[in-house]
Amino acid sequence: MTADVIDGKAFAADVRARVAEQVTRLKADHGITPGLAVVLVGEDPASQVYVRSKGKQTIEAGMASFEHKLPADTPEGELLELVEALNKDPQVHGILVQLPLPDHVDADKVINAIAPAKDVDGFHVSNVGLLGTGQKAMVPCTPLGSLMLLRDRLGSLSGLNAVVIGRSNIVGKPMAQLLLQDSCTVTVAHSRTRDLADVVRRADIVVAAVGRPEMVKGEWIKPGATVIDVGINRVPAPDKGEGKTRLVGDCDYASCAEVAGAITPVPGGVGPMTIACLLANTLTACCRANGLEAPQDLTA
Ligand code: NAD
């Protein structure tokens with residue numbers, strides 16, 4: 001079997017186009033421009049790339065982008081003051097503080113200082129609680145994007161066995177909640193899981209969010225399963241030249257694609273969906289802030 005490739009890049013482009021359409025309508029009908037503020041502390045190269053890309057795509061969607069780049073030694077208090085100012089700014093509907101934050105900053109404290117209604121990353125403890133209890137929440141972008149790809153591929157997920165590898169607050173845990181809400185039987189595997197291969201072999205849906213290059217092997221995959229590879233790992237690529245690197249996922253793509261029914265590539269799978277969902281969440285936050293109905297179909 002050769003797996004179908006799930007084209008997250010094309011899917012995300014479609015979501016972004018639909019967001020842009022709604023933004024145009026919001027501006028024309030109500031004179032409102034959704035605004036996203038992104039806060040970056042320090043100079044982590046990967047974070048800089050993400051923030052640049054987020055800013056570019058925010059503007060392309062017709063939204064206002066506010067970037068706040070702070071030095072790595074910014075005191076926690078100063079960061080909290082900035083978040084407070086953004087909470088009060090009526091032009092800002094979504095706030096994203098790029099993680100990881102430097103060690104001297106308490107990331108939980110900063111995230112929980114964001115007004116829950118502007119928490120477009122869905123990391124505030126209120127949104128985590130709302131999601132966990134099946135209430136209307138801001139849903140974290142990467143798991144939301146992964147769910148959209150799964151629904152598009154499989155239709156109803158009800159009754160399917162899903163294994164999520166990884167239990168981070170950013171990906172693994174919210175992913176498990178979303179799959180549970182869609183009536184999957186969910187197993188969350190992690191670094192202490194015994195016989196991971198055996199656990200994964202039972203899954204109709206595998207979501208890998210580990211951060212270990214090409215860890216999940218094709219022989220672990222149940223034939224026909226749908227594999228969502230969230231991992232983004234930079235590894236040396238001597239074949240491309242000295243010092244060159246390439247991106248790989250947490251799944252060994254070649255062997256998994258031989259067994260799976262469908263698989264997301266890296267790059268071009270889940271990655272583009274994350275920013276598309278961020279834009280959709282910002283639009284939703286903006287609509288809610290202005291007492292307007294948020295478009296449901298964008299993240300259905
Ligand atoms: P994390 O380091 O916070 O969590 C990794 C999880 O993997 C942990 O829960 C740990 O228990 C588990 N784990 C580690 N080693 C394991 C092993 N040998 N067997 C089973 N489980 C193991 O990472 P994260 O923030 O959740 O990110 C995971 C991956 O997803 C990374 O590669 C990251 O770059 C990527 N990511 C991608 C996007 C995107 O937009 N596509 C967004 C966020 C994260």
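The values are calculated or read from the model by the stated rules, or taken from the named source; none is laboratory data. Because the structure is predicted, anything quoted here is derived from the model rather than measured. All Cβ positions, glycine included, derive from the backbone under ideal geometry; neighbour counts span all protein chains shown. The area values use the complete protein model at the heavy-atom level, side chains included, leaving out ligands, DNA and RNA. Shrake-Rupley method; radii C 1.70, N 1.55, O 1.52, S 1.80 Å.
K109 to Q135: FRET efficiency via 1/(1 + (r/R0)^6), r the Cβ-Cβ distance, R0 22 Å, to the nearest 0.05?
My answer for the efficiency is 0.35.
Suppose each label sits 7 Å from its Cα in the direction of the beta carbon; what would the R201-K69 distance come out to in nanometres?
The two pseudo-label positions are separated by 5.0 nm.
Going by Cα centres, region 103-164 and region 19-95 are how many Å apart?
19
H93: accessible area at probe 1.4 Å, nearest 10 Å²?
20
If you filter region 201-300 for GluC sites (Glu not before Pro), then keep DSSP loop positions with at most 15 other Cβ within 10 Å, what is left?
Details: sites: E214, E219, E242, E258, E293; in loops: E214, E242, E293.
Of the GluC sites (Glu not before Pro), the ones in loops of region 201-300 whose Cβ has at most 15 other Cβ atoms within 10 Å are E242, E293.
7 Å from Cα along Cα→Cβ at both A46 and A13: what's the point-to-point distance in nm?
A separation of 2.6 nm, rounded to one decimal place.
Checking the table K109/K173; K9/K118; K9/K173; K69/K109 against a 21 Å threshold on Cα-Cα, which pairs fail?
Numbers: K109/K173 19 Å; K9/K118 26 Å; K9/K173 24 Å; K69/K109 19 Å.
From the list (K109/K173; K9/K118; K9/K173; K69/K109), the Cα-Cα distance tops 21 Å for K9/K118; K9/K173.
Name the residue, out of A203, A289, A28, whose mean-square fluctuation peaks in a Gaussian network model built on the chain with Cα pairs under 10 Å.
The residue with the greatest mean-square fluctuation here is A28.
Summarise the accessible area of the chain (1.4 Å probe, protein heavy atoms) by the percent that is carbon and sulfur. Working shown, then result.
Details: 7120 of 13980 Å².
On the chain, the fraction of accessible area on carbon and sulfur atoms equals 51 percent.
Of the DSSP beta bridges with both residues in the chain, give the percent that are antiparallel, rounding to the nearest 5. Kindly include the intermediate steps, with their values, before the conclusion.
Values: 4 of 34 bridges.
Of all bridge pairs located within the chain, approximately 10 percent are antiparallel.
Test of understanding: what is the full-extension gain from K240 to V125, defined as 0.36 nm times their sequence separation minus their Cα-Cα distance?
Details: separation 115, 0.36 × 115 = 41.40 nm, distance 4.37 nm.
Result for the pair: 37.0 nm of gain on full extension.
Given the options D152, D119, D229, state which has the largest fluctuation in a GNM of the chain using a 10 Å cut-off (strictly under) for Cα springs.
Most flexible of the set in this elastic network: D152.
If you average 1/r over all unlike Cα pairs in region 29-117 and invert the result, what Kirkwood radius do you get in angstrom? Write out the running numbers ahead of the final one.
Details: mean 1/r = 0.0740 Å⁻¹.
This gives a value of 13.5 Å.
Which is the longest stretch in the chain that no exposed loop site breaks, taking sites as trypsin sites (Lys or Arg not before Pro) with a DSSP loop state and at most 16 other Cβ atoms within 10 Å? Show your work: numbers first, answer last.
On the way: sites that count: K136, R192, R194, R202, K217, K244.
Longest run free of exposed loop sites: 1-135.
Tell me what the chain gives for mean residue ellipticity at 222 nm when only DSSP H runs of n ≥ 4 count, each as -39,500 (n - 2.57), the sum divided by the residue total, rounded to 500 deg cm²/dmol.
Numbers: 10 runs with 122 residues, N = 300.
So the helix-based figure for the chain works out to -12500 deg cm²/dmol.
Using a 1.4 angstrom probe, figure out how much accessible area the chain has per residue, in square angstrom, rounded to the nearest whole. Before the final figure, lay out each step's value.
Details: 13980 Å² over 300 residues.
For the chain, the per-residue accessible area is 47 Å².
Viscosity 0.890 mPa s, temperature 25 °C: what is the translational diffusion coefficient of the chain from Stokes-Einstein with a Kirkwood Rh over Cα pairs, rounded to a whole number of µm²/s?
Working: Rh = 19.8 Å.
Answer, rounded: 124 µm²/s.
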